[in-house]
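Everything on this sheet refers to the single structure shown next.
The values are calculated or read from the model by the stated rules, or taken from the named source; none is laboratory data. On a predicted model such as this, the values are computed, not experimentally measured, just so you know. No Cβ is skipped: glycine too gets one built from the backbone with ideal geometry, and neighbour counts run over all protein chains shown.
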Amino acid sequence: MTKIIHHPSDETLLRYVSGGYDTGYNLVLATHLSVCAKCQKTVELQQLIGGHVLEEEKPANMNISASDLLRKADMPVVETPKPLGSTYSKKYGFEVPAILNSYVDGDFDGLKWQSLSPSIKQAVLTVDGKASARLLWMKPGHAVPAHGHSGEELTMILSGGYYDGDEAYTKGDLHCADHESPHMPTAMEDQPCIVLAATDSPLVFRGIIPRLLQPFFKI
Ligand SMILES: [Zn+2]
């Protein structure tokens, strides 16, 4: 298994744990957590600390778990996803994290993709208010047109990998991009790259053609 290099920050995980994200972001982070033992440990620690803080304020009840305490205090709780296994995609040749099953009707290979260009396809999985999560398929060696962000973009690499500036992102990595980092992810040459990405505002494309097409693709 490829070693995961890029993880969400502790702040991002804390926001996730306390229910501060919309569904699209939760899906991307939960998918990363389902394959990342390091981030699972961080989240468990954050939940324990959250519970401990509440314990200090209330009479101690050692039989109550940290997440029960958070619940009692009416704090939103996001359960730590347990490793759920995966389903092998014959068509795309990789293990699809089981957490995505209900979003693809249990059939990743039967997904209906929408072509954004000859080298990029998308499949929108969930839209919740302004936040959405979508799968993107990138042809080997091809780039997503240069764009910036007016909000936060969280991307998890499901298969293959891409380069963005000096950094390489491969299977399992979680890439956080914000308005300060306009970028042009470019798929590695050896195989298509499939990612799960959450955004809460339209991408800010630099080129005229992507900008003209943007309203049709709602990206
Ligand atoms: Zn991680």
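Would you point out which residue out of 79, 56 is modelled with pLDDT under 90 and closer than 26 Å to residue 126 by Cβ?
79
Could you tell me how many of the residues in the stretch 8-22 are part of a loop (DSSP other than H, G, I, E, B), among the hydroxyl-bearing types (Ser, Thr, Tyr) and either within 18 Å of residue 37 (Cβ to Cβ) or within 11 Å of the ligand (Cβ to nearest atom) (or both)?
The total comes to 1.
Restricting to the stretch 88-132, what's the tally of residues that are exposed (fewer than 15 other Cβ atoms within 10 Å of the Cβ) and outside any strand (DSSP E or B)?
Looking only at that region, the number is 14.
Please give the number of the condition residue 146 fails out of (1) more than 19 Å from the chain's Cα centre (by Cα); (2) within 25 Å of residue 91 (Cβ to Cβ).
Here residue 146 meets the rest and fails (2).
Can you tell me which residue is farthest from the ligand (Cβ to nearest atom) among those in the stretch 26-48 that are surrounded by fewer than 19 Cβ atoms within 10 Å (Cβ to Cβ) and among the hydrophobic types (A, V, I, L, M, F, W, C)?
Applying the filter and picking the extreme gives 48.
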